[in-house]
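Have a look at the structure below, then the notes.
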Amino acid sequence: MTEIIAGGSISTLSDLTIRPPWVAALRYRAAGVWRDSGQISDLRRWRDQTPQATAIRAYQADGEARLITYAELAGRVERYAGALYELGVRPGRVVACQLPNWWQAHAFVLAATRLQAVVAPIMTTIRPRELQRVLHRVGACVCATADEWAGFDHAAALKDIASALPELQHRVVIGDAAAGDVDFRSFFDETPWEDRHPVALDDAIEDPDRVAMILFTSGTSGEPKGALHTQNTLYASASSVIQVDDFGRADVRFTPHALMHTVGQDAARSALIAGASVVLLDAWSGRRGLQVLADSATTGLVAAPSFVYDMLAVTDGKPTQLPALRTVRCVGTTIPKPLVAAVPDTFGVLLQSGWGSTEIGTGTVTRRDDPPNWAAYSDGRPIRGMELDLRSGADITVERPGRVFARGSAVCIATVGRDAGVVKITAEQDDGWFDTGDLAVPDRRGGIRLMGRVGDRIGGVFMVPAHDVESELLRSPRIKDVALVGYPGEQGGELVCAVLVAATTPPISLDELRQYLTDEGMTEWYLPTRLEYVEALPRNGNGKVSKELLRRWLVGQASLSD
């Protein structure tokens, strides 16, 4: 099965029989990057061996940490699994969750995994317009959300779109009991479902090669896509970094990224595999992040450059005592060289780099045997079980970088288009090589240095679906033509610029354009932060907008007449 009817949904992924090729499965198992068990076996192992060890250190924007032991986490997972079973969740059904970095979110994801359901994590920054499309495509039977978070009423938004989602049987809400048809506190936390469904929960059956999670990208030059991962592809990513960082039971891993994002999931999974502790912080600020970094005795920090910059700003460049910290790894985008120098000066440890994506998990990481401050020149070597291929029709140089293709144990087994619904099985495409959409050059140590992105990819921590935003803007009578392109941000990554041809006088202003998109339910981090006007967009012979020319024009490196 390689295609879904555009109007349909993946109501049950047990019917979508996608499994990795058996030859690859044997090879990855022999290499130790895949296994025959999954996360629930990890959880039970540490529940039995180290029941009082801390599994989760959950921090809020203010207040003390809530410490969750492995015994407590395992108990909650059983109870939540029983609640989901009562709601009709069975193997292959899709359970969606749009939750902040609360410890309950981690337990909820594990509970769905416990039932061999397919988990669809969704960022809390995603607004109703995109949320409805995602829930429709995956055919979620249950969706858990917060009543209100960061000033937005998530429960009300989910309720408003529920009538357009016939397969959504239950809305689970943490917070206001009146906001959903299932109150999380009374139904999940307070009801001993583990005693009411002893047969259904008698044993944890795990098939690590079936689809276990669908993580949606923000979109590149076209529609956003869901990456279909198994427990083994996710394990390959997390376990390889564990090996590189020598991460063990005594360690504490902290990432400011959302638990609903691939980086947050990878951090939580790494801690569970190692029997270590994961730090969750529900609301980010540089000051609070730095305090949590110290209070939690974090040994390994994983964060995009912007988060690290936020913490450095609090220190005023002065050395900060973090005796437990051993590793700081930046991911998500190319790292500015000043940051590579600032981290050891302030935090006392070398900055490491890493590269990956929603579809391929962790692709590359720098290592301790690399030269000092190597992160300024490299995004690292491939992890175990990962192959990279830089392709170009000419010699690969900084001016003409190669296009990065990846193949290996951490690459998703398929993708599904959010809107068109086309499923592409990775093993059936180009002998398993996945086109990442990134451009890079060799780093001369067996690794790569990212140089940019192909097509319309814009962003730093998250990618902006340019085509989607452009399509919405073209609906405005005040805009004749528009192209979204990225321009460098001060703290790494890219910001969004809208280059448009106005249809009215006076033309639409940046504030008006942002308000227009907000009124249409567009996610906040999709909104342009810069606006430029042109008489006509530059196009090539095929009628396509020359976005690379626009990018260079925005930074003063080209004229639109070039």
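The values are calculated or read from the model by the stated rules, or taken from the named source; none is laboratory data. If you're wondering where the values come from, they're calculated on a predicted model, not measured in any experiment. All Cβ positions, even for glycine, are placed from backbone atoms using ideal geometry, and neighbour counts span all protein chains on display. SASA here: full protein model, heavy atoms, side chains in, ligands and nucleic acids out. Shrake-Rupley method; radii C 1.70, N 1.55, O 1.52, S 1.80 Å.
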Glu524, Glu130, Glu359, reordered so the largest accessible area comes first (probe 1.4 Å): Glu524, Glu359, Glu130
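Take the alpha carbon gyration tensor of segment 34-130, find the square roots of its eigenvalues, order them as a ≥ b ≥ c, and report rounded if a/c is under 1.5; if not, report prolate when a/b exceeds b/c, else oblate. Can you show the working numbers first?
Values: a/c = 1.93, a/b = 1.09, b/c = 1.77.
Oblate, since a/c reaches 1.5 and b/c is not below a/b.
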Karplus-derived 3J(HN,Hα), 6.51/-1.76/1.60, for each residue of segment 304-320, Hz, glycine and proline x: 5, x, 4, 5, 5, 4, 4, 6, 4, 4, 6, 7, 6, x, 8, x, 10
Computed E for Ser509/Arg391 - FRET, C-beta separation, R0 45 angstrom, nearest 0.05: 0.60
Cut-off under 5 Å, modelled amide H: who pairs with Val482 long-range: Val501
Rounded to the nearest 10 Å², the accessible area of Asp295 at probe 1.4 Å: 90 Å²
FRET efficiency for Ala53 and Arg29, using Cβ-Cβ distance with R0 set to 41 Å, rounded to 0.05: 0.90
Table column - 3J(HN,Hα) (Hz), segment 474-486, Karplus curve with 6.51, -1.76, 1.60, x for Gly and Pro: 5, 6, 6, x, 8, 10, 8, 7, 7, 9, 9, 9, x
Per residue Cα convex hull volume in Å³ - calculated over segment 313-395: 137 Å³
Per principal axis, descending, Cα span of the chain in whole Å: 72, 55, 51
Segment 328-449: Rg to Rh, with Rh as the Kirkwood radius over Cα pairs: 1.02
Interchain or long-range residues, amide H under 5 Å from Ala558's placed H: Trp553
Separation of the Lys318 and Asp176 label points, Cα + 7 Å toward Cβ, nm: 4.4 nm
Across Lys159/Lys480; Lys225/Lys547; Lys337/Lys547, pairs whose alpha-carbon gap is larger than 31 Å: Lys159/Lys480
Computed helical MRE - 222 nm, the chain, DSSP H runs ≥ 4 contributing -39500 (n - 2.57), nearest 500: -8500 deg cm²/dmol
